[in-house]
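For reference, the structure is listed below as structure tokens.
The values are calculated or read from the model by the stated rules, or taken from the named source; none is laboratory data. What you are looking at is a predicted structure, and each value in this text was computed from that prediction instead of being measured. Neighbour counts are summed over all protein chains in view; Cβ atoms, including those assigned to glycine, are modelled from backbone coordinates with ideal geometry.
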């Protein structure tokens, strides 16, 4: 079972949950930022992500992020749970390097989910921008990246 850091849950659960939902993220987003991998200089990091509603109040969170060295695609089904909790289920076809399941929270303009301190996705709405932060301590991939995304048409 995956456990989210208790302090993160307590801090975000105090925020107004009704003011932010998965539907606020719906659409396509694109942007770039910086990725820092262990033992390497920071590099340009580009991402395209998409949120779309699915059945039973679920959302599909999918995307692709890339550097000059390679790319990683992902697909997660997001299941809202009581009290601002989120369960993220990996829907990518094997083989994949991302966790099969992650747990997290949504509230106060932030969607954050993680798995046993191995991987983290955090999305934070800031006006018309969304900050997308990823971290990994899994396998050979150790590092973090942050991207500023803008909603795109179509």
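The sole residue among 108, 127 that is over 15 Å from the mean Cα position of the chain (by Cα), more than 19 Å from residue 62 (Cβ to Cβ) and surrounded by 17 or more Cβ atoms within 10 Å (Cβ to Cβ) is 108. You will find that of 63, 108, the residue that is within 21 Å of residue 21 (Cβ to Cβ) and in contact with a helix residue (DSSP H, G or I) (Cβ under 7 Å, 6 or more places away or on another chain) is 108 and no other. Among the residues of the stretch 78-96, those identified as in a loop (DSSP other than H, G, I, E, B) and more than 15 Å from the chain's Cα centre (by Cα) are 81, 93, 94, 95, 96. Does residue 47 meet the test of being in contact with a strand residue (DSSP E or B) (Cβ under 9 Å, 6 or more places away or on another chain) and within 21 Å of residue 24 (Cα to Cα)? Answer is yes for this residue. Mind listing whichever residues of the stretch 111-124 are surrounded by fewer than 17 Cβ atoms within 10 Å (Cβ to Cβ) and modelled with pLDDT of 90 or more? Correct list: 124 only. The criterion of being at pLDDT 90 or above, over 16 Å from residue 135 (Cα atoms) and surrounded by fewer than 13 Cβ atoms within 10 Å (Cβ to Cβ) does not hold for residue 89.
Yes or no: residue 98 modelled with pLDDT under 90, crowded, with 20+ Cβ neighbours inside 10 Å and within 22 Å of residue 58 (Cα to Cα)? Yes.
Do we have residue 27 as at positive phi, modelled with pLDDT of 90 or more and out of contact with any helix residue (DSSP H, G or I) (no Cβ under 7 Å at 6 or more places or on another chain) here? Yes.
What do you reckon, is residue 135 over 13 Å from the mean Cα position of the chain (by Cα) and more than 25 Å from residue 56 (Cα to Cα)? No; evaluated as a whole, the condition is false for this residue. Of the set (1) surrounded by 14 or more Cβ atoms within 10 Å (Cβ to Cβ); (2) touching a residue at least 60 places away in the same chain (Cβ under 8 Å); (3) in contact with a helix residue (DSSP H, G or I) (Cβ under 7 Å, 6 or more places away or on another chain), all apply to residue 83 but (1).
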